[in-house]
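The values are calculated or read from the model by the stated rules, or taken from the named source; none is laboratory data. Everything quoted here is computed from the prediction, not taken from an experiment. Using ideal geometry, Cβ is built from the backbone for each residue, glycine included, and neighbour counts are taken over all protein chains shown.
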Amino acid sequence: MPENTITDHLNVVIYVKNVVVGRGLEAVLHLLPRIRSVSHCTTRPSAETAVAGGDVDVLVVTSVEGGVAAELAAACPRTKVLLLLDELEAASGASFGGAAVADGFLIQQDLTAPALGEALDRMMLGEMPMPARIGRELLARAGSPVPAGSVRPAVLTPRETETLMLLAEGMSNKQIARRLSISDHGAKRLVTSVMLKLGAPNRTAAVVIAIKQGMVSAV
């Protein structure tokens, strides 16, 4: 499925071990007219089987199950990952599993059919829906003064480091994808991962933080 398009109908897989949360989410999804199918999985094997067919548009996980989101999404590259956060996680800025590969975020306590529908639409358009409180937390972290030597530079994978260098050159996701010979969606995942590891609210802030930490040179 190409970026910046909205499909008429979506196939959704929910991987949430908590049955109450999962069933509630399933009920909300069934209220949306654009949903073709919903599968609720409570175990990793069942989730792996569900996404293995390659026709899953969205994988929904909570931070509890988010640690395996990358592996599940890798089985179906076209699948977008929606991460549900607990309100306390969002308020505290605590780290959560699966954030590096998430294409969108929602807070469980704020979950409504309109909010979920909007998040899915934005994800299908290649945007990253994110609650304001998470954005503010990332912005606060990026804007806080960092005394020299007080914070260790973020640890990036070799691929993420390449992505950061290209971001510093001002490249777009499409340009990064072409340079690294990967899909546009793969490039967006890498950019998102770099931003999250650096605690940056946007691409520009990611480069600024990387310069401050000595990860890239100011030109």
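Let's see how each residue does on (1) under 20 Å from the mean Cα position of the chain (by Cα); (2) assigned to a helix (DSSP H, G or I); (3) not assigned by TED's automatic domain parsing to the domain that holds A154; (4) not basic (K, R):
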site: K174; (1), (2), (3), (4): yes, yes, no, no
site: A177; (1), (2), (3), (4): yes, yes, no, yes
site: I182; (1), (2), (3), (4): yes, no, no, yes
site: H185; (1), (2), (3), (4): yes, yes, no, yes
site: L190; (1), (2), (3), (4): yes, yes, no, yes
site: S193; (1), (2), (3), (4): yes, yes, no, yes
site: L196; (1), (2), (3), (4): yes, yes, no, yes
site: A205; (1), (2), (3), (4): yes, yes, no, yes
site: V208; (1), (2), (3), (4): no, yes, no, yes
>> Is it the case, given these coordinates, that A74 is within 19 Å of K197 (Cα to Cα), modelled with pLDDT under 85 and either over 12 Å from the mean Cα position of the chain (by Cα) or in the same structural domain as I14 (by TED's automatic domain parsing) (or both)?
In response: no
> Given the structure, is G67 surrounded by fewer than 16 Cβ atoms within 10 Å (Cβ to Cβ) and assigned to a helix (DSSP H, G or I)?
Replying inline: yes
> Among G66, G97, G53, G24, which is modelled with pLDDT under 85 and over 23 Å from T192 (Cα atoms)?
Replying inline: G53
> Which residues, counting only those in the stretch 70-81, are buried (at least 23 other Cβ atoms within 10 Å of the Cβ) and in contact (Cβ under 8 Å) with a residue 24 or more places away in the chain?
Replying inline: L72, A73, T79, K80
> Within the stretch 192-207, which residues are in contact with a Leu (Cβ under 7 Å, 6 or more places away or on another chain) and under 12 Å from T163 (Cα atoms)?
Replying inline: V194, R203, A206, V207
>> Suppose we keep only residues that are of a type outside the set (G, A, S) and touching a Gly at 6+ places or on another chain (Cβ under 8 Å) within the stretch 140-169. Which one would you say is modelled with the highest pLDDT?
In response: P153
